[in-house]
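What follows is a short report on a single structure.
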Amino acid sequence: MKKKLSAIIIDDEAPARDIIKTYLDEFPDVEIAAECRNGFEGVKAIHELNPNIVFLDIQMPKISGFEMLELLDVEPIIIFTTAFDEYAVKAFEVNAADYLLKPFSRERFRESIVKAKGLLKDKSKKREITNKLIHHHDSNIQYLERVVIKSGWRIKIVPIESVFWFEAQDDYVMIHANEGKFLKQKTMKFFERHLNPRDFIRIHRSHIVRISHIKQIEPFSKMSYQAILNNGISIPLSKTGYQKIKDII
Amino acid sequence: MSHPLFQRKNSLFYYLFVWSLITVSHTVILNIGIGLRWEFALWDGIVLNLTYAFLALSFWYSCKFISLEKRNFFPILINHSLASVVSSLIWLGIAYIILVRIAIPDQLYHKFFNNAFLWRLLIGILFYFIMVSFYYLLIYYQSFHEKLLRESELKALVKEAELKTLKFQINPHFIFNSLNSINSLILSSPQKAGEMTIKLSEFLRSTLAKNEAQTGKLEDEIRTAKLYLDIEEVRFGDKIDFIEEVDGKCLNKAVPSMILQPLFENAIKHGVYESIEMVQIKFTCRINNNYLKIMVENNFDPETVNRTGIGVGLDNIRNRLEKAYNQSNLLHIEKENSHFRAIINIPIEER
């Protein structure tokens, strides 16, 4: 006998979850493992149940569907379900993939399941699409308002207002905020692109600093300078970093 | 612009009345002050002043021709000085023909007329400048008045346009998600799907229809806002706890249309959309010192990050209230810990 596929539905609206359940009735080989009302429940359920397919709403309380994806250690097939999403519409037109615009028809839903099943057989393609989705989201948002971080089972939402310094650490970025220090798997380039240049400045290959947090600039050695932050920490300045700061001040 | 003295019936009458006063004083001064025989003095006064009165009517056209706005001061002064001398000479010339040649065959008077010539020339020039100043004042007043009129018309237009754009703008998320709920209910509970379709239609109709009428009864506003709330309750039923305390006396009071629903929408958007727990929305309405005090309160999750500013919806309400009642601060926002309160005060208009 063929093994059953498991699915999780994540949406903050009950009727929206119900219609997916109803549509799934005609797929006896797909079993609903859980229903979640928000991203927190979603992360927990996905890690516990390791489903094959996740139906994911984008606009949800506190953390969006996209943000929730960033917190996953596993990579299920994601089928987005959203009413109206500025970024996603184009993303999926290009990728011609698993994206359902609410309200969606039974036919459209069937196509989506067929597509998902196809991707499950071809893992490399799946990975490529998921990355494209995340990447597309990244390149479309304007400036970050918050960063979501997972440590163990805890999910922490760090508002950008409270961050004063981003520091490169191998494949991660250490985020120094009022609430403490947090590691996030992103590149410095990503943060440089998605922080408002009025607030933040990249003063070194490994450092992006909140401009208002820089207390003073002082010579470090011959030909080089360092920035002193309000909390007394000193950070080296690259040549271009020094130029950038000079232009601002 | 035609001659101002012919625009209204009375103005020409007043003009001639002023000149007859001048004529009387002229005659009296000549008779008593200089000792001219009274019939000569009367002739002199009537002919000179009547002539000038008619001549002065034509000064209007030189004022229209020599506009103050387009030229420098000196060319204008020279133009008018020349015109004043020329018109005074014409004036005295006509007076000479009538008085000396025709009306008064008296040597003594002829001598008086000749002696007074230079003085009269100066008086003529002086009168010219008085008349010209008067005309320029009229021109200035009229254009000022027109400008004011145009400005107020423009302001009214702008206000109307602004009111239109400040009107409720339907959030596409809301529509598509509601349609999705209906689609879902059709399969699970057709009865409810029907109810929701009717509610959504009624709500959309009321938001679209209210473009023309700018005020409505609070009762109607409450109905529209509740339609909205009902629809959201279908979507988030388990998360909304709605309480209302409305004083019945408020219901028939006039309020700007679409002023209440955005308050509810704001509470739903920042309270319910962003919370993973139950959110209480409390709607209170009562009369307070000739004001309608409408209050919508909700709790929210203070940890929610993207809560910046007061939001477009509330900003619109503030602007609309200010424009409608010429009073600022009719909208109060209070935010403490996890409690949000929006209060609008609407002046009660007696009808």
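No lab work stands behind these numbers, since they all come straight from the coordinates. What you see is a predicted model, and the numbers here were worked out from it, not measured in a lab. Neighbour counts run over all protein chains shown; Cβ positions are idealised from the backbone, glycine included.
Okay, here's what the table says:
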item: Euclidean distance between Cα centres, the range B:138-155 to the range A:63-77, Å; result: 64
item: The range B:108-125 and the range B:242-321: distance between their alpha carbon centers, rounded to Å; result: 84
item: Separation between Cα centres of the range A:142-160 and the range B:173-191, rounded to whole Å; result: 33
item: Most mobile listed residue (B:179, B:149, B:30) in chain B, GNM with C-alpha springs under 10 Å; result: B:30
item: Sequence-distant aspartates and glutamates (8 or more away, or on other chains) whose Cα lies within less than 17 Å of residue B:253; result: B:219, B:220, B:221, B:245, B:349, B:350
item: Geometric extent, Cα atoms of the range A:147-248 - Rg, Dmax (angstrom); result: 13.8, 48
item: Per-pair calculated FRET efficiency, R0 = 45 Å: residue B:147 and residue A:218 via Cβ, rounded to 0.05; result: 0.15
item: Value at 222 nm in deg cm²/dmol, rounded to 500, when DSSP H runs of n ≥ 4 in chain A each add -39,500 (n - 2.57); result: -11000 deg cm²/dmol
item: Chain A - share of DSSP beta bridges that are antiparallel (%, nearest 5); result: 65
item: Percentage relative contact order, the range A:147-248, counting C-alpha pairs under 8 Å, at least six apart; result: 17
item: Under-5 Å amide H pairs with residue B:215, H placed in peptide plane, nonlocal only; result: B:257
item: Distance between modelled label sites at residue B:335 and residue B:21, nm, 7 Å Cα→Cβ extension; result: 6.7
item: Spatially proximal lysines relative to residue B:64 (Cα-Cα < 21 Å; intrachain offsets below 8 disregarded); result: B:147
item: Given A:215/A:244; A:3/A:115; B:293/B:323; A:117/A:189; A:186/B:269, the pairs whose alpha carbons are separated by over 23 Å; result: A:117/A:189; A:186/B:269
item: Residue among A:184, A:102, A:150 with the largest mean-square fluctuation in a Gaussian network model of chain A, springs linking Cα atoms under 10 Å; result: A:102
item: Per-residue [θ]222 nm for chain B (sum of -39500 (n - 2.57) over DSSP H runs n ≥ 4, rounded to 500); result: -20500 deg cm²/dmol
item: Per residue Cα convex hull volume in Å³ - calculated over the range B:167-347; result: 118
item: The protein assembly as shown - Debye-derived log10 I(q)/I(0), Cα point model, q = 0.07, 0.10, 0.12 Å⁻¹; result: -0.66, -0.98, -1.22
item: Listed pairs B:155/B:282; B:226/B:249; A:156/A:239 exceeding 28 Å between Cα atoms; result: B:155/B:282; A:156/A:239
item: Two-decimal Rg/Rh across chain A, once Rg and the Kirkwood Rh are taken from alpha-carbon atoms; result: 1.08
